[in-house]
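The values are calculated or read from the model by the stated rules, or taken from the named source; none is laboratory data. None of these values were measured; they are calculated from a predicted model. Cβ placement follows ideal geometry from the backbone for every residue including glycine, while neighbour counts extend to all protein chains displayed. All accessible areas refer to the heavy atoms of the entire protein, side chains included, with ligands and DNA or RNA removed. Shrake-Rupley method; radii C 1.70, N 1.55, O 1.52, S 1.80 Å.
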Amino acid sequence: MYKLLVRPVLFLFAPESIHHFTFRFIKIAFTIPFVKTIVAAFYSARNPKLEREVFGIKFPNPIGLAAGFDKDAKLFDQLSAFGFGFIEIGTLTPKPQPGNDKPRLFRLPEDSGLVNRMGFNNEGVDAAVLRLKNNRNKVIIGGNIGKNKLTPNEEALNDYVYCFNALFDWVDYFVVNVSSPNTPGLRDLQEKEPLTKLLSELQKLNSAKAKSKPILLKIAPDLTNSQLDDIIEILRETKIAGVIATNTTISREKLKTTNEELKTIGAGGLSGLPVRERSTEVIKYLSVKSGKAFPIIGVGGIHSPEDAIEKLNAGASLVQLYTGFIYEGPGLAKKICKALI
Ligand SMILES: Cc1cc2nc3c(=O)[nH]c(=O)nc-3n(C[C@H](O)[C@H](O)[C@H](O)COP(=O)(O)O)c2cc1C
């Protein structure tokens, strides 16, 4: 019904406007008594077979909502009713920032993809913390952190430390995002030396806490095999908990969308079905080459149960989705869960 009736109407409007409209609609609808219970009954699958314990956290199911959808932690409780076992908020930065000029989000319907150059638009980590204090239902939350656009890379560590400390009591795991293509220079932090320094410092802070939290690194699908070898080495050295593979790609290969359309859209990260294969390759490479040394959350182009199973078979312990939720609708997480059962 979603693909036949709802999606054609939603796709008549600009993607970012529809995102905000849907957000407001869900927020208001969920204030009506029993709406959350009804939505959860319709869209969630509960079964002990779905439960997973990964990096010390017990997940009710292995399907998460990827970062970027609920950047400011405004809707995690309501979104969990759509069958997600965990929600990743962010990317959050220390100071609020508006992100890039609009339009900055584009659909590629022929390819079931999206291109975005949002540029970490968010209201700042402190505003998100105020909302997370209301996590009464104890939804499992990942805190995805980044740096402000105006912070030079040499001072990036301070931004990550600020977000880490602010969020520490309110999230279950952390994600260090150095892989967004939309913050100039950010991906340079994926190089061996700056990345080792950044992760070691965060891990040092983490170890000093009474009970440390898992820190994961989110990587781009555009890394070469030799860069992936570096990532394995860095994980061994810094002993962080795992990897999220992958973020969006800057590649525009093998698309049905014409070059002219792509030129009009311009720069940004491509997500959805076009990134599926590469993201699975990265997961497989890391898993095999490291000898399954650390857990991997697989993300990129999951639009069906088969796509999720492909990621799990490649070595992912958990998966996440974003673009598939837009193209396939609110029933996708449950559909995957049912197939897993
Ligand atoms: C509009 C949009 C915004 C995103 N924002 C973020 C972000 O702020 N931080 C992040 O780590 N990933 C972000 N992502 C990347 C997703 O979390 C995910 O890694 C990527 O889209 C691949 O998964 P998918 O094919 O299921 O969408 C964003 C993706 C989209 C489409």
- Item | Filter result (surrounded by 11 or more Cβ atoms within 10 Å (Cβ to Cβ) and polar (S, T, N, Q)) within region 25-54 | Ser44, Asn47
- If we keep only residues of region 70-97 that are assigned to a strand (DSSP E or B) and either surrounded by fewer than 21 Cβ atoms within 10 Å (Cβ to Cβ) or of a type in the set (D, E, K, R) (or both), then the residue farthest from the ligand (Cβ to nearest atom) is Gln97
- Item | Scan of region 265-287 for residues that are within 19 Å of Ser180 (Cβ to Cβ) and either of a type in the set (Ser, Thr, Tyr) or at pLDDT below 95 (or both), ordered by number | Ser271, Ser279
- Message: Can you report the number of residues in region 198-213 which are closer than 12 Å to Phe164 by Cα, surrounded by fewer than 19 Cβ atoms within 10 Å (Cβ to Cβ) and not basic (Lys, Arg)?
- Response: 4
- Candidate set from region 121-153 (those that are of a type outside the set (Lys, Arg) and modelled with pLDDT under 95); member that is nearest to the chain's Cα centre (by Cα): Asn135
- Note on the structure: Log entry, pairs with first residue in region 266-285 being in contact (Cβ under 8 Å) with a residue 12 or more places away in the chain and open to solvent by less than 10 Å² (accessible area, probe 1.4 Å), second being in a helix (DSSP H, G or I) and near the ligand (Cβ under 9 Å from one of its atoms), beta carbons closer than 6 Å, six or more apart or on different chains, reads Gly272/Thr323
- Message: Test of understanding: among Ala81, Ala73, which residue is on the phi < 0 side of the Ramachandran plot, of a type in the set (Gly, Ala, Ser) and modelled with pLDDT of 95 or more?
- Response: Ala81
- Message: What are the pairs with Cβ atoms under 7 angstrom where one residue, in region 147-176, is at negative phi and part of a helix (DSSP H, G or I) and the other, located anywhere, is of a type in the set (A, V, I, L, M, F, W, C) and surrounded by fewer than 18 Cβ atoms within 10 Å (Cβ to Cβ)? Sequence gap at least six, or different chains.
- Response: Val161/Leu205; Phe164/Leu205
- Query: Quick check, is Gly64 part of a strand (DSSP E or B), modelled with pLDDT of 95 or more and either more than 14 Å from the ligand (Cβ to nearest atom) or not aromatic (Phe, Trp, Tyr) (or both)?
  - Reply: yes
